[in-house]
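The values are calculated or read from the model by the stated rules, or taken from the named source; none is laboratory data. On a predicted model such as this, the values are computed, not experimentally measured, just so you know. Please note: Cβ atoms are built from the backbone with ideal geometry, for glycine as well, and neighbour counts cover all protein chains shown.
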Amino acid sequence: MANWSDPRMGAANFAPAAARAGAYDEGLRSYMLSVYNRMASGVLLTGIVALVFAYSGAAATVMTTPLAWVIMLAPLGFVFALSFGANRMATSTMSLLFWAFAVVMGLSLSTVFLAYTNTSIAGAFFATAAAFAGLSLYGYTTKRDLAPFGTFLIMGLVGLIVASLVNLFLQSGPMGLVISVIGVLLFAGLTAYDTQKIKSIYFQVQGTEMAGKTAILGALNLYLDFINMFLFILRLFGSSRN
């Protein structure tokens, strides 16, 4: 007669499941770590390029010429290329484009060092880093499904872009303040949402060639969340050099 209470039988059934869960957790941690490392390295590279370009005097000269439009619009081209060309590109090509994007963003953001004081920039950066860390941790650990908020956040992002373009011509101070406040809140929400989305995507791509590509795209999304939150915080609390 079978001994149904034999603990060895339960242990035998449990061991493979535990091993699979452990392997999944280890794989997920490695995957998320690669996303965060790439994102943080991209932000660091952007900051170094912006700082060097600004303090070399090149930014003050170049950003007053028509070439400034090329520099400002080039990052958008890289984002579209990475987002819509992932299926056709090799992982190495996507990685190269990501680093090129970080460099071009550095050139574009060099004007920040010309417009704001160093103290303001440092304060906004550390405030953004603290907020980003907390929000991303929430997105990673929460059991609440943030997917329903995705549509709302995307619609809000579209509205924010339209409002920013309108205010580019109106130059309204109060409207600019409202846009900055909404921008901070919007990208705060996107940080948590994108983190959870990146985590959930790992389950679909683990062990496949797409894992490397989705890690790059995840780093790109978090990079954009960080940079945009930083810029809106800087506009809210930054002190102008003038």
Item to complete: Please specify each residue of the stretch 48-100 satisfying the condition of being over 15 Å from residue 212 (Cβ atoms) and either touching a Lys or Arg at 6+ places or on another chain (Cβ under 8 Å) or outside any helix (DSSP H, G or I) (or both).
Response: 56, 57, 63, 64, 65, 66
Worksheet entry | Residue that is surrounded by the fewest Cβ atoms within 10 Å (Cβ to Cβ) [pool: residues in the stretch 12-65 that are over 14 Å from residue 220 (Cα atoms), among the β-branched types (Val, Ile, Thr) and at pLDDT 95 or above] | 48
Worksheet entry | Filter result for residue 181 (of a type in the set (A, V, I, L, M), surrounded by fewer than 16 Cβ atoms within 10 Å (Cβ to Cβ), touching a Leu at 6+ places or on another chain (Cβ under 9 Å) and farther than 18 Å from residue 35 by Cα) | yes
Discussion item. Looking at 193, 223 in this structure, which one is at pLDDT 95 or above, aromatic (Phe, Trp, Tyr), over 23 Å from residue 145 (Cβ atoms) and crowded, with 17+ Cβ neighbours inside 10 Å?
Written reply: 223
Practice prompt. Could you list all residues from the stretch 101-128 that are assigned to a helix (DSSP H, G or I), surrounded by fewer than 16 Cβ atoms within 10 Å (Cβ to Cβ) and β-branched (Val, Ile, Thr)?
Written response: 119
Practice prompt. Quick one: count up the residues across the stretch 208-233 that are over 17 Å from the mean Cα position of the chain (by Cα) and either assigned to a helix (DSSP H, G or I) or free of Cβ contacts under 8 Å to residues at least 40 places away in the same chain (or both).
Written response: 3
